[in-house]
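One structure below.
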């Protein structure tokens, strides 16, 4: 599970491994990201089948996609990311899921620094 801040960018990352647990570049890497409304309706932030680009800098088997978490979301909601790729040798379908817990941009009642002059309160 990951943490995301409402209204801020979040990057989904995945490292695909082959049957020998070695990083492997996959064919047709895709991503989809969605959340559910209080009524149970699925809302896509990233449409199913969106191309999942290679990470930067490029690393064998690693892919990354950055989205901005909608400012309209609430802390009780969660975002689900599903990343897929096909092993080019075995044609196995790799599926990786990631869940994001949401936090507000500003946490009410959080710590605050106050600077005071020595001897004066």
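Rule-based calculations on the coordinates, nothing more; no lab input. Source: prediction; values computed, not measured. So basically every Cβ, Gly included, is an ideal-geometry build from the backbone, and we count neighbours across all protein chains shown.
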What do you reckon, is residue 77 under 18 Å from residue 1 (Cβ atoms), in contact with a strand residue (DSSP E or B) (Cβ under 9 Å, 6 or more places away or on another chain) and surrounded by 14 or more Cβ atoms within 10 Å (Cβ to Cβ)?
-> yes
Being farther than 27 Å from residue 103 by Cα and more than 16 Å from the chain's Cα centre (by Cα) is the filter; apply it to segment 28-60 and report the residue that is surrounded by the fewest Cβ atoms within 10 Å (Cβ to Cβ).
-> 57
Hits in segment 8-27 - residues which are assigned to a strand (DSSP E or B) and either surrounded by 11 or more Cβ atoms within 10 Å (Cβ to Cβ) or under 16 Å from the mean Cα position of the chain (by Cα) (or both) | 9, 10, 11, 12, 13, 14, 15, 17, 23
